[in-house]
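Inspection log for the structure reproduced underneath, given as structure tokens.
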Amino acid sequence: MTMTGRPAGLEPLRETIARHGLDARKALGQHFLLDPAITARIAALAGDLAGQHVVEVGPGPGGLTRALLDTDAASIVAVEVDTRAVAVITELAALAPGRLRIIEADAMRCDLATLCPAPRQIIANLPYNVGTPLLVGWLRQAAAWSRLTLMFQLEVAERICAGPGSAHYGRLGVLAQWTCRCGVQMHIPPGAFSPPPKVHSAVVGLIPHARQPDAAVFRAMEQVTAAAFGQRRKMLRGALKSIGGEALLAEAGIDGSRRAETLDIAEFDRLARLHARRAAILS
């Protein structure tokens with residue numbers, strides 16, 4: 001073992017992949033990141049991990065897992081749905097007893113916050129096909145996490161961090177920035193992956209705000225943003241018609257002739273809280 005707890009004498013990752021016949025599968029959105037310099041940098045972007053419990057989603061052959069074991073993280077839980085990859089990570093866990101645990105499960109069906117104690121983080125190279133729904137689920141419980149360091153395809157990363165008026169600004173950005181401080185921390189070209197994806201990727205850092213909305217207000221924000229951005233070309237009075245339209249906008253002090261992409265996070269927050277209050281009265 002090394003000083004940080006990373007297993008010593010590991011074979012090169014490409015040899016591990018070949019030995020297990022672990023080809024990346026398109027159906028699982030897999031693109032393996034093999035460069036140890038890049039995985040080490042991603043782990044470093046998560047900040048000082050001393051005393052932190054880390055959940056990694058979709059570790060694949062374990063490139064990022066190896067880098068996480070080389071940090072001061074208190075423990076690492078790897079959640080993997082691919083049985084072939086589970087065998088690889090199980091080998092790695094045997095070399096890091098008590099520090100790395102593997103759970104064979106679909107992260108879309110798991111409450112990750114129950115897998116380890118606080119303080120906890122998620123650090124992951126997310127499968128492209130489920131990255132967005134996974135993030136929205138984690139934002140619903142943002143108070144459970146001290147930080148999320150996540151890799152997405154670049155277009156999704158830009159949507160998460162876009163501001164009002166931007167072509168990328170939409171529902172995902174509002175939900176993310178309403179609950180977290182967000183920023184693109186690193187760009188990664190296709191050639192860094194095996195096989196190379198057709199798009200560039202980026203690592204996004206999300207640090208949850210100290211105060212988080214309760215579940216009812218979060219649901220209301222999901223409804224408001226779904227309606228507002230579901231018909232982007234419509235003025236808000238028309239886009240929000242199904243949830244109160246003119247009356248809701250008037251109470252929030254927002255001009256109904258505006259469009260969703262012009263509203264800032266504070267204005268969406270007003271709409272969501274008013275919508276939640278109305279829903280509570282009617283229930």
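The values are calculated or read from the model by the stated rules, or taken from the named source; none is laboratory data. From a predicted model like this one, the values you see are computed outputs, not experimental measurements. Cβ coordinates were reconstructed from backbone atoms using ideal geometry, including for glycine residues, and neighbour counts include every protein chain displayed. Note: accessible area is taken over every heavy atom of the protein model, side chains too, but ligands, DNA and RNA are not part of it. Shrake-Rupley method; radii C 1.70, N 1.55, O 1.52, S 1.80 Å.
Here's how it looks for LEU126: its modeled amide H is under 5 Å from those of MET151, which are all 5 or more places away or on a different chain.
Give, in nm to one decimal, the length gained when the segment between GLU155 and HIS187 is fully stretched (0.36 nm per residue of separation minus the Cα-Cα distance).
Numbers: separation 32, 0.36 × 32 = 11.52 nm, distance 1.14 nm.
Working it through step by step, the gained length comes to 10.4 nm.
Treating only the Cβ atoms of Lys and Arg (+1) and Asp and Glu (-1) as charged, compute the dipole magnitude of the stretch 1-125 about its Cα centre; round to the nearest 20 debye. Intermediate values should be presented prior to the final figure.
Details: 12 positive and 14 negative charges, 13 e Å.
Approximately 60 debye in magnitude.
Against the longest alpha carbon principal axis of the chain, how many degrees, from 0 to 90 and to the nearest 10, is the axis of helix 36-45 turned? Between the helix axis and the principal axis of the chain, the angle is about 40 degrees.
If I compute solvent accessible area with a 1.4 Å probe over the protein chains, what percent of it on the chain is carbon and sulfur? For the chain, the apolar C and S fraction of the accessible surface comes to 54 percent. Projecting the Cα atoms of VAL174, GLY191, TRP145 onto the charge dipole of the chain, computed from C-beta unit charges around the Cα centre, puts VAL174 farthest toward the positive end. Two numbers describe the Cα atoms of the stretch 158-214: Rg and Dmax, which are 13.7, 42 Å.
Cβ-Cβ distance of ALA247 and THR114, R₀ of 35 Å, FRET efficiency by 1/(1 + (r/R0)^6): the value works out to about 0.30. In this structure, the amide hydrogen of CYS180, modeled 1.01 Å from its nitrogen in the peptide plane, lies closer than 5 angstrom to those of HIS209, counting only residues at least 5 positions away or on a different chain. Listed peptides 62-68, 106-112 appear in the order 62-68, 106-112 once ranked by packing, highest mean of other Cβ atoms within 10 Å at the front.
Only Cα sites of the stretch 141-238 enter the Debye sum here, all with the same form factor; the resulting log10 I(q)/I(0) across q = 0.13, 0.16 1/Å is -0.54, -0.76, listed in q order.
According to the Kirkwood relation over distinct C-alpha pairs, the hydrodynamic radius of the stretch 184-265 is 15.6 Å. Converting phi to 3J(HN,Hα) with the Karplus coefficients 6.51, -1.76 and 1.60 and the offset θ = phi - 60°, the stretch 21-27 yields x, 8, 7, 5, 10, 4, 4 Hz in sequence order, with x at every glycine or proline. Across the stretch 238-247, rounded Karplus estimates of 3J(HN,Hα) from the backbone phi angles (6.51 cos²θ - 1.76 cosθ + 1.60, θ = phi - 60°) give x, 4, 9, 4, 5, 10, x, x, 4, 5 Hz, Gly and Pro being marked x. Evaluated at q = 0.11 Å⁻¹, the base-10 log of the normalised Debye intensity for the stretch 15-126, with identical point scatterers placed on the Cα atoms, takes the values -0.30.
Taking amide H as placed 1.01 Å from N in the peptide plane, VAL77 has its amide H under 5 Å from the amide H of VAL54, VAL55, GLU56, ARG101, each at least 5 places away in sequence or on another chain. The share of alpha-carbon pairs in the chain lying farther apart than 28 Å comes to 40%.
With contacts defined as alpha carbon pairs under 8 Å and 6 or more residues apart, what's the relative contact order of the chain in percent? Numbers along the way, then the final one.
Details: 529 pairs, mean separation 41.7, N = 283.
Relative contact order, the chain: 15 percent.
How large is the accessible surface per residue of the chain, computed with a 1.4 Å probe and reported in Å² as a whole number? Each step should come with its number before you reach the end.
Working: 12690 Å² over 283 residues.
Each residue of the chain exposes 45 Å² on average to a 1.4 Å probe.
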